[in-house]
Amino acid sequence: MKLKRYLYKNPSLIVSLLERLNCHHIKLIKGKRIQGALPDGDNVTSVQVLLGNEYLNTVVHTRTDYDGSDIFDFVEYILKWNFRQAINWVSGQLNI
């Protein structure tokens, strides 16, 4: 997917998306991951977007109800939307 590849090549945009989702304490660990806390959480490493490949696997260590796999699943989870809505939201946030 072109959008995912674009995000992979521009991790600062992922940071921006997480901020817009009200995640906090966001930190880019270059070439490895982006980590932060959930909007209502206090664990600053709870959310992790892995930068090891273009897949952008996303994990939430503090929630058992999150079974997503990538950044778009995470957007769906936070906003309680479907996949199409999540893709549209990400595209809109990036003005593409």
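The values are calculated or read from the model by the stated rules, or taken from the named source; none is laboratory data. The shown structure was predicted, so the numbers you read here are calculated from the model rather than taken from an experiment. Just so you know, the surface numbers come from the protein's heavy atoms only, side chains and all, with ligands and any DNA or RNA stripped out. Shrake-Rupley method; radii C 1.70, N 1.55, O 1.52, S 1.80 Å.
What's the total number of residues in the stretch 1-56 that are under 24 Å from Arg84 (Cα atoms) and charged (D, E, K, R)? Qualifying residue count for the region: 7.
Of all the strands (runs of 3 or more DSSP E) wholly in the stretch 18-96, which have at least 1 residues that are hydroxyl-bearing (Ser, Thr, Tyr) and open to solvent by less than 50 Å² (accessible area, probe 1.4 Å)? The strands (runs of 3 or more DSSP E) meeting that bar are 58-60.
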